[in-house]
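Remarks on the structure that follows.
The values are calculated or read from the model by the stated rules, or taken from the named source; none is laboratory data. Predicted, not measured: the structure shown is a model, and the values here were computed from it. Glycine gets a Cβ as well: all are built from the backbone with ideal geometry, and neighbour counts include every protein chain shown.
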Amino acid sequence: MLAATALVLLMTIPGLVLFYSGMVRKKNVLSTALQSFVICCLVTIIWVAIGYSIAFTPGVSPFLGSFDQVMLSGLSYVKETSQVSVSHIAPTIPESVFVMFQMTFAIITPALIVGAFAERMRFTAMLLFMGLWSIFVYSPIAHCVWEPSGFFASKGVLDFAGGTVVHINAGIAGLVCAYKLGPRRGYGKIPLIPYNLIYTLMGASFLWVGWFGFNAGSAVASDGRAGMAMLVTQTATAVATMTWMFIELAVKKRITMLGCASGAVAGLVAITPASGFVGVNGSIYIGLAAGIFCYWGATGLKSILGADDALDVFGIHGIGGLVGAILTGVFAEKALSGLDANVWMQTAAAFGTLVYSGIMTYIILVIVNFFVDLRVDAEEEEDGLDISQHSERVH
Amino acid sequence: MSDNEKISIAALISVILRRKLGRTIDVQWLAKDATYAREIIKLSRAQNLDDLTGYANKLETLIFGVTAAVTKPAVEVNRNFADTKLADEEEEIDETKIDVSKYIGHLR
């Protein structure tokens, strides 16, 4: 679990940092990288202070945990008596490890949203937004889906590693941010050229490797189920990448590096909720669906929605999360987990999360905008966020 | 010629002018307005940068439909030394062949 935890953290720093930084323009590279890096620090503090307690303690309501473990109250290790506290959700590992493991999920989820409002959000507004979003959106949804007394968990909804909690949640939040902040200057009129796509491929590769900690680690044991989760993660990702590649070849007569990296992330996202519940055959179908639907999400659907979701957070994470969550209900095998899946409950939970996260994200943005302008002014945007927000440049 | 192609070349000129001179230009206006384009093309050629002059020539052809007179380089190239260039330098990418218009309104 220690290794899995480190792997999931590796997904954000440096995985997501590189993945996103390569896709923005040169004048916004440092700012984009820094946003994910600082979110890592901010959410760590929030998680220890209150996030973990809201998410992973049984509460009086199925939508919210209690405040019994604020500041990780009750977490202990006594060397002399070899006593260690454990969580009721993961009784085979020390609670300190479970807190850390779940913290890395709490970190990467808001960091994913950064891609949607890239190149135009004021840094201080971003910090305030992410702090509130982590407390009022991430933690309650994690409670509903993963805490056994949570609203969706108690109804048998399956989400092995966070298709709903992480990806649908971040995807819809990103889309709402993109609408609320408005498009970047010149969007749809001039080419917004990525800085360095090799950073993006390196980032995607870190994400891929780190995802084994994300999915296999979610078994909270080094057992057969963890092994299956690892195997299906690999197959779904490979199939999604190849699917995206061939669609691109058919539609655009070119295979692009960015397309292949995007296909890989789409496959990783879609297999996430299913990884502890499906076999290899199921993972191949999920990978295939992820390649098709996420390609559409980042191209056709993007045009229909009309929002400047700069790095296609909704197109890949939102759509990939929905595909994975629903298909978990179709392909889950009882032999692997001992649990039955219900495709209608899966769908209800996915869209319930979509609605809650969307509305709450909008409310938080309105509140933050009351205190700090969400968006930098036109001149600052033209100069680039690296200079206007941080007085630095990439080189 | 398509507007996208003009905007693509204008964007490349804009990047170099900003990088080399710290000067910001209006990419959209450059692709649309002949007077503004003439001034920017003249400014670009005055920098004596091979790549910038190349883009200026290309933009002139796209907008005015004429082939630009190539200005004499500031420094005469000694062919004897030119042959000693490293292979990597000879394989420099021709950026005009990159279709940057695909990044208008889309990333993927």
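Among B:Ser44, B:Ser14, which is within 25 Å of A:Arg393 (Cα to Cα), within 11 Å of chain A (Cβ to nearest Cβ), under 10 Å from the mean Cα position of the chain (by Cα) and not β-branched (Val, Ile, Thr)? Give the derivation first.
Numbers: B:Ser44 fails: within 11 Å of chain A (Cβ to nearest Cβ).
Just one listed residue meets the conditions, B:Ser14.
Residues are listed down the side, and each one gets a yes or a no for (1) over 30 Å from A:Phe246 (Cα atoms); (2) surrounded by fewer than 18 Cβ atoms within 10 Å (Cβ to Cβ); (3) hydrophobic (A, V, I, L, M, F, W, C):
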position: A:Ala290; (1), (2), (3): no, no, yes
position: A:Thr299; (1), (2), (3): no, no, no
position: A:Leu327; (1), (2), (3): no, no, yes
position: A:Ala335; (1), (2), (3): yes, yes, yes
position: A:Met345; (1), (2), (3): yes, yes, yes
position: A:Ala348; (1), (2), (3): yes, yes, yes
position: A:Thr353; (1), (2), (3): yes, no, no
position: A:Met360; (1), (2), (3): yes, no, yes
position: A:Val366; (1), (2), (3): yes, yes, yes
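Among the residues examined, A:Tyr356 qualifies as within 21 Å of A:Thr109 (Cα to Cα) and out of contact with any helix residue (DSSP H, G or I) (no Cβ under 6 Å at 6 or more places or on another chain).
Which is more than 14 Å from chain B (Cβ to nearest Cβ) and under 18 Å from the mean Cα position of the chain (by Cα), of A:Phe206, A:Phe246?
On the way: A:Phe246 fails: under 18 Å from the mean Cα position of the chain (by Cα).
Every option except A:Phe206 fails the conditions.
Before we move on, is A:Ala106 assigned to a helix (DSSP H, G or I) and closer than 22 Å to A:Leu75 by Cα? When the stated conditions are applied, A:Ala106 passes them. Applying the set (1) without any contact (Cβ under 8 Å) to a residue 60 or more places away in the chain; (2) within 14 Å of chain B (Cβ to nearest Cβ) to A:Val232 leaves exactly one unmet item: (2).
The residues in region A:31-45 that are surrounded by 23 or more Cβ atoms within 10 Å (Cβ to Cβ) and touching a residue at least 60 places away in the same chain (Cβ under 8 Å) can be counted, and the count is 6.
Check region A:158-178 and report whether any residue there is within 14 Å of chain B (Cβ to nearest Cβ) and surrounded by fewer than 18 Cβ atoms within 10 Å (Cβ to Cβ). Don't jump to the end; show me each part of the working.
First pass over region A:158-178, keeping only residues within 14 Å of chain B (Cβ to nearest Cβ): A:174, A:178.
Those left that are additionally surrounded by fewer than 18 Cβ atoms within 10 Å (Cβ to Cβ): none.
Within region A:158-178, not a single residue is within 14 Å of chain B (Cβ to nearest Cβ) and surrounded by fewer than 18 Cβ atoms within 10 Å (Cβ to Cβ).
Of the residues A:Thr32, A:Thr104, the single one that is modelled with pLDDT of 95 or more and over 30 Å from A:Asp383 (Cβ atoms) is A:Thr104. The test for being touching a residue at least 40 places away in the same chain (Cβ under 8 Å) and of a type in the set (Val, Ile, Thr) does not hold for A:Val86.
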